[in-house]
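See structure below.
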Amino acid sequence: MKEFDHWDEQEHADLTEDEKQILDDLGLQGSTRRKFLKQVSAASLSLWAASTFSSTLLAHPMKETPTKPAFLQNEVAVSFSVNGETHQLNLDSRTSLLDALREHLGLTGSKKGCDHGQCGACTVMINGKRKLSCLTLAATCESHEVTTIEGLAKNGNMHPMQQAFLKHDGFQCGYCTPGQICSSVALLKEAEEGEASYVTEDFRKISSNLELSEEEIRERMSGNICRCGAYNNIVQAFREVHSGKEEMPSWEFATEEQMKKAKNA
Amino acid sequence: MRPFQYTKAETAQAALQAQATQTSYLGGGTNLVDLMKEDVARPERLIDVSSLQYDQVSSNENGGLSLGAMMSNAETANHVDIRKKYPLLSMAMLSAATPQIRNMATNGGNLLQRTRCPYFFETSMPCNKREPGSGCGARNGMNALHAIFGYSDSCIATHPSDMCVALAAIGAQVEVIGENGKSRKIDFSDFHRLPGDQPEKDTVLEAGELITAIHLDAPVFADNYYYLKIRERSSYAFALISVAAGFQLNGGTITKAGLAMGGVAHKPWKLREAEKFLKGKAPKLEHFEQAAEIEMAEAKPFKDNEYKVEMGKKAIVRALTQAYERTA
Ligand SMILES: Cc1cc2nc3c(=O)[nH]c(=O)nc-3n(C[C@H](O)[C@H](O)[C@H](O)COP(=O)(O)OP(=O)(O)OC[C@H]3O[C@@H](n4cnc5c(N)ncnc54)[C@H](O)[C@@H]3O)c2cc1C
Ligand code: SF4
Ligand code: FES
Ligand code: FES
């Protein structure tokens, strides 16, 4: 047990001040903190925390919200709701929704990968449908409801899909993760409503609550590219939430016995 | 991206009145915004038409259904009546792009999406379609993705849409309204152009015309249909070659066949000879093979896309075979 504690402290010592702060903010102390750390690799902690928790919960908004430029070309006024909060912005007509979220509202969860519709990192939900914020002009969003990764956690509780991604290690660098999770959440609803895909066997027979095979999940998630190749774990995470049945993670934590053995080897 | 003025049209009339040169309509933006970021498209004004009320499926006088031009590709492909009565169209649309893009893309915008010829996207390269008179980078360049039918000296690009290939096989008309507010209908097979010496013009649309609907002919091929899309990876890629195949059977003979190919020409390529050949024949492998031979005999490939000839034949046979195996 002693050695095990020691290993834990080691892990802890690797944490940056910011990461320690995050854990404090979460109210995690002592043994709960250790238990939690066992579930999250330290390397992914800050990325995960920053992208999955609502910024209010963590009270970590961007330190400097960008100031309004002195001069805007073809200024458009647009008012839309983001994660339930209405925002009124004056923007250059060229501003994409992605840039408006990141640069003007400080919501940096949605990521800019390719900026050309090819990677899915910028996926958000607009009026309940998953869309690409990089190819959406912010000006077109008047009166629309946008949900980003920051809006998925409710009252400090992660969305089940966020929990499942964590549990199944559905990410490595985490860059694609917010888009992956937004896509997965939207996909739950698409399956419920019986939307077909190219690989759906016979969609002439309309049905709701589609049971998704692995092939279906892969086809439907294909718009979200993961450079780290975390696909297998993403599929597993999705399956668990979709079926409501617990899936086995493809990895497991070392037991104390194993840790001891490893140390003594 | 260059600066532009943005307005949202509340009515078709307003969209048309606002029409002027250097103005583009904006549907879902999945193609236009992308091309603006690449500096290939340079409109000075954008008129957002995406929330105009042409967003329904309704019955039409052909005995078929009409698709609102502003309806999304996802809604169209998943519409109960489209899935039941025009499954070939649903299948083709579901093979395109990704769920996110299909949620954004409109039916009107899909018809007018531009070629994916890499020279067209790269502004440092010559391209007659992007910049008339500048030359064609692809003709003697890398042309693995280019046309084998119907091209000209000035352009050998292909049309990238999957939806349009199915529409060509099924039969449809495109309804548009012009600046005077009058509407006209264009037969789908006349809507897209071959490049000739004006490759910058993809369609027969006049400046300022707005697409309002796509009218489908009476339902066909609801039982025997298949959209085969061959691509470099199994999902989320444009077609190297695609085939929309449908036929109707009566007592063991084909009474009507609808066949079109994507990825082979400047427009969705209707396989008229194969359609004619199959009519009155039994749906047998040897007939499928003969139909494919007849059609592909006219192909004239370039140095990098010779593979498309053999692939095209196999794709036609495969799509017809799959369509046959669908029989309920
Ligand atoms: C990464 C990626 C992958 C893709 N893969 C595929 C694929 O595999 N298969 C496929 O078929 N497509 C694919 N697409 C293309 C996509 O289907 C098209 O971009 C889309 O259908 C265009 O529709 P839109 O409403 O977004 O058009 P927009 O981008 O808004 O407009 C396109 C053009 O149509 C004009 N326009 C729009 N609406 C009207 C109207 N009502 N009347 C007159 N003019 C109008 C615009 O001015 C513009 O010139 C892909 C796109 C991307 C970005
Ligand atoms: S094939 Fe057409 S689109 Fe491609 S470079 Fe030549 S002219 Fe341009
Ligand atoms: S950043 Fe939008 S799809 Fe890549
Ligand atoms: S986890 Fe790195 S890109 Fe997906």
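Here, each number is a calculation from the coordinates, and none is a lab measurement. Just so it is clear, the structure is predicted and the values come from calculations on it, not from any experiment. Note that we place each Cβ from the backbone using ideal geometry, even for glycine, and neighbour counts take in every protein chain shown.
Summary of computed values
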quantity	calculated
Kirkwood hydrodynamic radius of chain B, from inverse mean 1/r over distinct Cα pairs, in Å	20.1 Å
Test item: Cα-centred dipole of segment B:80-239, Lys/Arg +1 and Asp/Glu -1 on Cβ, debye	480 debye
Relative contact order of chain B, pairs being alpha-carbon contacts under 8 Å that are 6 or more residues apart, as %	17 percent
Base-10 log of normalised Debye intensity for segment A:160-243 (one unit scatterer per alpha-carbon) at q = 0.14, 0.16, 0.17 Å⁻¹	-0.43, -0.56, -0.63
Nearest-ten-degree value, helix B:285-296 long axis tilted from longest Cα axis of chain B	40 degrees
Computed [θ] at 222 nm, deg cm²/dmol, chain B (DSSP H ≥ 4; -39,500 (n - 2.57); rounded to nearest 500)	-7500 deg cm²/dmol
DSSP-loop trypsin sites (Lys or Arg not before Pro) across segment A:134-241, with at most 14 other Cβ within 10 angstrom	A:Lys205, A:Arg227
Stretchable slack from A:Ser243 to A:Cys228, in nm (0.36 nm times residue separation minus alpha-carbon distance)	2.8 nm
Given charges at Cβ of Lys, Arg, Asp, Glu: chain B dipole, positive-most of B:Tyr54, B:Gly251, B:Ala69	B:Gly251
Taking B:His79, B:His266 and counting other C-beta atoms within 10 Å, the order from fewest to most	B:His79, B:His266
Share antiparallel - DSSP beta bridges, the protein assembly as shown, percent rounded to 5	85 percent
Gyration tensor over alpha-carbon atoms, the protein assembly as shown, equivalent ellipsoid semi-axes in Å	45, 30, 22
Sorted by Cβ neighbour density within 10 Å, fewest at the top, the residues B:Thr7, A:Thr255	A:Thr255, B:Thr7
Where trypsin sites (Lys or Arg not before Pro) fall in DSSP loop in segment B:188-280, at most 15 other Cβ within 10 Å	B:Lys201, B:Arg231, B:Arg233, B:Lys279
Percent RCO, i.e. relative contact order, over segment B:190-328, from Cα pairs under 8 Å lying at least 6 residues apart	23 percent
Above-threshold pairs, the threshold being 25 Å between Cα atoms, out of A:Lys205/B:Lys284; B:Lys129/B:Lys300; A:Lys129/A:Lys154; B:Lys85/B:Lys308	A:Lys205/B:Lys284; B:Lys85/B:Lys308
Spin-label model distance (nm) - B:Lys279 vs B:Lys182, 7 Å beyond Cα toward Cβ	3.3 nm
Residues A:Val235, A:Val78, sorted so that the one with the fewest Cβ neighbours within 10 Å comes first	A:Val235, A:Val78
Simple Cβ-charge dipole of chain B, Lys/Arg +1 and Asp/Glu -1, about Cα centre, in debye nearest 20	520 debye
Value of relative contact order over segment A:75-151, rounded to a whole percent, pairs C-alpha under 8 Å and six or more apart	40 percent
Net charge dipole size for the protein assembly as shown [Lys, Arg +1 and Asp, Glu -1 on Cβ; Debye, nearest 20]	1060 debye
Within straight-line cross-link reach of B:Lys314, aspartates and glutamates at Cα separation under 18 Å, skipping those fewer than 8 residues along the same chain	B:Glu232, B:Glu273, B:Glu275, B:Glu286, B:Glu289, B:Glu293, B:Glu295, B:Glu298, B:Glu306, B:Glu325
